[in-house]
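Peer 1: Quick one: the structure is below, and I'll ask about it shortly.
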Amino acid sequence: AVISGLIIYGVIRQTLGLRLSEEEEFDGADLAIHRIKANPEV
């Protein structure tokens, strides 16, 4: 199971990436990934 997990982790890391860009980090993951605000009333 550990080996399979490491292989999947490596493939995802190389293809999709696991981190947001610096600008996306500043805006927040809710907005960057899901296109919604975390606090809609604000």
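The values are calculated or read from the model by the stated rules, or taken from the named source; none is laboratory data. Not measured: the values here are computed from a predicted model. Cβ atoms come from the backbone with ideal geometry, glycine included; neighbour counts cover every protein chain shown.
Peer 1: List, please: which pairs have Cβ atoms under 8 Å, are six or more places apart or on different chains, and start with a residue in segment 2-18 that is under 17 Å from I33 (Cα atoms) and end with one that is part of a helix (DSSP H, G or I) and β-branched (V, I, T)?
Peer 2: Taking only residues 6 or more apart or on different chains, the pairs are L18/I12.
Peer 1: Those residues that are surrounded by 10 or more Cβ atoms within 10 Å (Cβ to Cβ) and not hydrophobic (A, V, I, L, M, F, W, C), I need them from the chain; list them, please.
Peer 2: Y9, G10, R13, S21, E24, E25, D27, G28, D30, H34, K37
Results for (1) on the phi > 0 side of the Ramachandran plot; (2) at pLDDT 80 or above; (3) more than 13 Å from the chain's Cα centre (by Cα), shown as yes or no for each residue.
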| position | (1), (2), (3) |
| --- | --- |
| V2 | no, yes, yes |
| G5 | no, yes, yes |
| G10 | no, yes, yes |
| L16 | no, yes, no |
| E24 | no, yes, no |
| L31 | no, no, no |
| H34 | no, no, no |
| V42 | no, no, yes |
